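See structure below.
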Amino acid sequence: MAYLDERKLKILQAIIRNYLETGEPVGSRTISKFTDLNLSSATIRNEMADLEEMGYIVQPHTSAGRIPSDKGYRLYVDTMMETREQEVDEMKALLLEKADKMENLLEQVTKLLAANTNYTAMVTTPMYRSRKVKFLQLTEVDDTQILAIIVIEGNIVKNKMIATSVPVEKEVILKLNILLNTYLQGLDLSEINLDVIQQIKMQSEGFGSIVSDILDAIAQAISEEDKVQVYTSGTTNMLKYPELGDNQNVSQLLYALEEKKEITELMKKDAGDNTEIQVYIGNETTVESMKDCSVVTATYELTDGVYGKIGIVGPKRMDYEKVVSTLKTIRTQLDEIYKK
């Protein structure tokens, strides 16, 4: 790499990316359109000749374009991995800091809402509108295990261990890294269809079963982000309102607030599509034990594609004006605090 200036490195990267996408030798005219260097085809031909002489690309036959050599792949992967590993390390440090901050923040917000309104407050952990693959890195652990580091949109990092029935050489892992990132970067889970999978397997050089295991790991990692935690506070405030029903109805309501399964589904409802204040009165709610209550929810936005829900449960005679105003204020403050 010490012998490559920035221009040669960019041209080499462009050749490799284009070859991975098309499977065809790459010519200078293609590269002149592919890079942001604004160089003529003649200049690019000279640079490609230097790269060939240095062993980073080869010409499969006369008058053809160039394809990457193993040395070229190695430099591409090492450069890519070095950059990505630094990004992953930075993401992990930032996410750990923000995760602790967010957990404490949400608990405080929930208690504040309950105390301020004298009703029951609910706040969800962040959810994600999109489940796109941002980056994938495979690393050999030993002869029978590969570690897959999966980064999905929102800078969520997931580690998955993948068992292999046969040893996988390091060069194969490097090429799988390039192949998988070429096809999967920017795709949502729903977009990784049979056609995409077949294209990857066709170029995986007999390692289709490992590719299947890796795709399963990606699906599992992304689906884990669908799990939502709900913080609640002020559940006993419901006992202050006699119109909520007899002891049995109140017990069912308190159980639903404690058990959280039904209210989690309620809080997830329309969260990614509707950012307005939502008011559910009586039978409008999907939670049977809340038919004598009103539920008011608001969506908070942390960053692009990352959101959560804040909710208040109270009697139908709740102070709607105060509740809506409080939720709007908390929503704004939560967004501002998190971004500091």
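FYI, it's all coordinate maths here, none of it is from the lab. Small disclaimer: the values here were computed from a predicted structure and weren't measured.
I need the fraction of alpha carbon pairs in region 6-68 separated by more than 18 Å, rounded to a whole percent.
Tail fraction, whole percent: 21.
Would you mind computing the Rg to Rh ratio of region 133-224 from its alpha-carbon coordinates, Kirkwood style for Rh?
0.93
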